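One structure below.
The values are calculated or read from the model by the stated rules, or taken from the named source; none is laboratory data. This one's a predicted model, so the numbers in the text were calculated from it and none came from an experiment. Every residue, glycine among them, receives a Cβ derived from its backbone with ideal geometry; neighbour counts consider all protein chains shown.
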Amino acid sequence: MKHWKRRWALPALLAGSLAGSVMANPIVVDSSFSSRMLGHEVQFLETAADTLTLEQVLEMPGPAFKQRPKPGFFFGLQDKGFWLRFSLRAPQGANLIFEMANPYIEEFHFFVVSGNETLQADTLGADFPFPERFYAHRNWQIPIVLPPVDSALCLVHIPPVRSPLRFDLYLWNHTARLDQQFTESAILTAFFLALLIYLVLIFLVNLVARFRSLWYYFAYVALGALLLFSSLGLGYRYLWPEMPFFHQASELLISNLYLLGGLQFVRVYFATTRFFPLLNRMMIITMGISAAFIPFAVGLPFAPLRFSHLLHLLHYLVFMAGFILALGVFIMSLVKRQRIQAGWFLFGFGLHGLGIALTILQYIGWFPFVSSTRWLYNIGFPLTFFPQMAMMAGMLIEVPVLFYVAFHRFRSLYEDAQKQAASREHNLNNLVMSIENERKRLGQDLHDSLGVQLAAIRMKLSMMHDKASNEQRRELEQVMQGLEQAHREMRIISHDLMPPSLERQGLSAAVQQLLQRMQSVQPGLKTHFFNNAPLEQLTPRARIHLYRILSELITNSVKHGGARELTVQLTRYDGSIQATVEDDGRGFDTDAPRGKGIGLSNVEYRAKALGGRFSLDARPGRGTFASIEVPLKKIVEG
């Protein structure tokens, strides 16, 4: 059972052995000391087996420890352990903080030795829950309290780890570190707040635009933010502090999901299935391999060391392949298709992608290690972040640039879709009005031509009736009755096609005539009509649509609903015209598969064509209430 932190005094060691271990150029800690980013001051010892004790390390001669040829600590994927050492000189005593920036190191041990006494020995690492740390900080921090001694030797032991071994070491004055932490916290808060704002913007925009690729972009940004949150050690602090195993698996797990989201966004946004089929197939294969890594990433904390290294290596190769494929899509689009958008994508993704690529190449060992944090420290702006600063800065640039480009394109597509929908609606309205004009012409032809002919035929038959014998009169009367019936039906058809009163007397008179005809068809039907709407101001198109709507609803109530009482109202209410038809008929179930027929669908279409809305309240045995509400400004003339 491992203990999170241990402090003890070991038995006295041989003074001669310890003296031989003390380095010649210690770090001087005096009243002016504030911080030191450790580099050449630290020597390291590579151990083939993790069996050396502190006593054995202290007894080793000085040449056994080597100096790093370059500043920074990057050892890559190693199955060996390491001992690091540096010495301190604190004539007046000091209150210091030793800090290691890498939240994924599973375990390391820190020792302070002075004279022939071990002053402290501590153990930290990702194998242990977060709340048991010395300080609630995203990096590993260990307090050092030195008495006024001539010199002290600090040693760090790092056993073999599953992930690439890379870290930065800092030595801080306690007060200076507290001030620096405030600055870093402000920077990180602003950074993630900006990402959160972008995510909210993307979400709100897509609630309106409803583009599938924008949701993939949302997932890509969210997972990228989560990956950085975890790589900074903030996920371990705030999201899963009691789950060390998940923290160790989080880097591979989230980065694979991040790769999947990014590649899927690129595929959908650039339509690679259609325009770049070869790249699309390669991206699908890469995504499949990345998805297959996810179960292994979850089990990473329990995997053997060499298998973990192999999994990391394969993951980095797949991630690099995804980066190259996305870059290929951008370049191909720049050459062949969306030149402006692809150029912006290259600009926006460039710094972020470069940071990812350099980090992967360094992990694989194909590129020398470059520390952006060390460069910032050397120019007087220390930031103890584990991820490459190029990745963080690149993401901060990439997100707004790609959001602007994607939003610009989505807005263009949305506007084109709106224009096409408006054009379709305009064409459909023209078609409807053409049909109405044709109905009007047919109605007039029936009334003026066929009606006149039928009337003339009836007059001739009447004259023949007066001159005919009794037997012939009976036959002529039957013919005249049939002719009269045909004439009435012709008039009904003519009025249905286009009631003359609608054009000559207006909508109100046409509706009243319609109700009168319904009463003649359905004896005993009670009708009520109320109107206070400015119908005389309506456009001809609005009058026709409203008449057809009311005609359909009234006919349904009488013929299909068996209504005995019918109320029709046209009212002006709050800048709108509201037309309602209420009956006491049989009603129907609107949720039934065939609850709304073609007639009601036409009513709904005509209401939308006027810029209004149609609502229906019907229950079996409880009658029907239909309502159409149309903004007045959309249907009045001039």
For this session: Mind listing just one residue for me: the one in the range 489-505 that is within 25 Å of GLN537 (Cβ to Cβ) and surrounded by 15 or more Cβ atoms within 10 Å (Cβ to Cβ) and, of those, modelled with the highest pLDDT?
Result: LEU502
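Residue by residue, here is whether (1) within 21 Å of GLN505 (Cβ to Cβ); (2) of a type outside the set (Gly, Ala, Ser); (3) more than 47 Å from the chain's Cα centre (by Cα) holds:
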site: VAL521; (1), (2), (3): no, yes, yes
site: PHE529; (1), (2), (3): yes, yes, yes
site: ASN532; (1), (2), (3): yes, yes, yes
site: PRO540; (1), (2), (3): yes, yes, no
site: VAL558; (1), (2), (3): no, yes, yes
site: LEU570; (1), (2), (3): yes, yes, no
site: VAL581; (1), (2), (3): yes, yes, no
site: SER601; (1), (2), (3): no, no, no
Seminar exercise, completed: Cβ pairs under 9 Å, 6+ apart or interchain, first in the range 537-565 and assigned by TED's automatic domain parsing to the domain that holds ALA510, second in a loop (DSSP other than H, G, I, E, B) and of a type in the set (Val, Ile, Thr), ordered by first then second residue, are GLN537/ILE635; LEU538/ILE635; THR539/ILE635; ARG541/ILE635; ALA542/ILE635; ARG543/ILE635; HIS545/ILE635; LEU546/ILE635
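Let's see how each residue does on (1) without any contact (Cβ under 8 Å) to a residue 40 or more places away in the chain; (2) among the charged types (D, E, K, R); (3) within 18 Å of LYS526 (Cα to Cα):
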site: SER576; (1), (2), (3): no, no, no
site: GLY585; (1), (2), (3): yes, no, yes
site: GLY599; (1), (2), (3): no, no, no
site: VAL603; (1), (2), (3): no, no, no
site: GLU637; (1), (2), (3): no, yes, no
Exercise. If PHE275 passes every condition in (1) at pLDDT below 90; (2) closer than 30 Å to ALA303 by Cβ but one, which one does it miss?
Worked result: (2)
For this session: Would you point out the residue of the range 116-138, among those that are of a type in the set (Gly, Ala, Ser) and in a loop (DSSP other than H, G, I, E, B), that is surrounded by the most Cβ atoms within 10 Å (Cβ to Cβ)?
Result: ALA126
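Please pick out the residue among LEU327, LEU383 that is assigned by TED's automatic domain parsing to the domain that holds TYR269, touching a helix residue (DSSP H, G or I) at 6+ places or on another chain (Cβ under 9 Å), at pLDDT 75 or above and assigned to a helix (DSSP H, G or I). Lay out the reasoning, then the answer.
Values: LEU383 fails: assigned to a helix (DSSP H, G or I).
Only one candidate passes the filter, namely LEU327.
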Seminar exercise, completed: Checked the range 372-403 for anything out of contact with any Ser or Thr (no Cβ under 7 Å at 6 or more places or on another chain) and of a type in the set (Gly, Ala, Ser); matches are SER372, GLY380, ALA393, GLY394
For this session: Return only the number of the condition from (1) surrounded by fewer than 21 Cβ atoms within 10 Å (Cβ to Cβ); (2) under 25 Å from the mean Cα position of the chain (by Cα) that VAL266 does not satisfy.
Result: (1)
Exercise. Only one of (1) more than 21 Å from the chain's Cα centre (by Cα); (2) modelled with pLDDT of 70 or more fails for VAL399. Which number is that?
Worked result: (1)
Problem set entry | Top-ranked residue in the range 27-58 [being part of a strand (DSSP E or B) and either more than 13 Å from ASN173 (Cβ to Cβ) or among the aliphatic types (A, V, I, L, M) (or both); ranked as farthest from the chain's Cα centre (by Cα)] | VAL28
Exercise. Pairs, please: C-beta under 6 Å, at least 6 apart or cross-chain, first residue under 21 Å from PHE381 (Cβ atoms) and in the range 33-45, second in a loop (DSSP other than H, G, I, E, B) and not β-branched (Val, Ile, Thr)?
Worked result: GLY39/PRO71
Exercise. Cβ-Cβ below 7 Å, separation at least six or inter-chain, first residue in the range 218-231 and within 13 Å of ASN256 (Cβ to Cβ) and assigned by TED's automatic domain parsing to the domain that holds VAL205, second buried (at least 23 other Cβ atoms within 10 Å of the Cβ) and of a type in the set (A, V, I, L, M): which pairs?
Worked result: GLY224/MET395
Exercise. Do you know which residues across the range 620-633 are touching a residue at least 60 places away in the same chain (Cβ under 8 Å) and over 29 Å from GLY561 (Cα atoms)?
Worked result: LEU632
Exercise. Between residues in the range 281-295 that are farther than 18 Å from LEU313 by Cβ and residues that are of a type outside the set (A, V, I, L, M, F, W, C), which pairs lie under 6 Å by C-beta distance while being six or more apart or on different chains?
Worked result: MET283/ARG267
Exercise. Any idea which of (1) within 24 Å of LYS80 (Cα to Cα); (2) without any contact (Cβ under 8 Å) to a residue 12 or more places away in the chain is the one ARG306 doesn't satisfy?
Worked result: (2)
Exercise. Exactly one of (1) closer than 21 Å to LEU214 by Cα; (2) at pLDDT 90 or above is unmet by LEU253. Its number?
Worked result: (1)
Exercise. Taking the range 64-100 on its own, how many of its residues are surrounded by 14 or more Cβ atoms within 10 Å (Cβ to Cβ) and assigned to a strand (DSSP E or B)?
Worked result: 21
Exercise. Out of curiosity, is PHE367 assigned to a loop (DSSP other than H, G, I, E, B), at pLDDT 70 or above and not acidic (Asp, Glu)?
Worked result: no
Exercise. Among the residues of the range 575-600, how many are assigned to a loop (DSSP other than H, G, I, E, B) and modelled with pLDDT of 80 or more?
Worked result: 5
For this session: Look at LEU84 and say whether it is farther than 30 Å from TYR238 by Cα, among the aliphatic types (A, V, I, L, M) and outside the structural domain of LEU313 (by TED's automatic domain parsing).
Result: yes
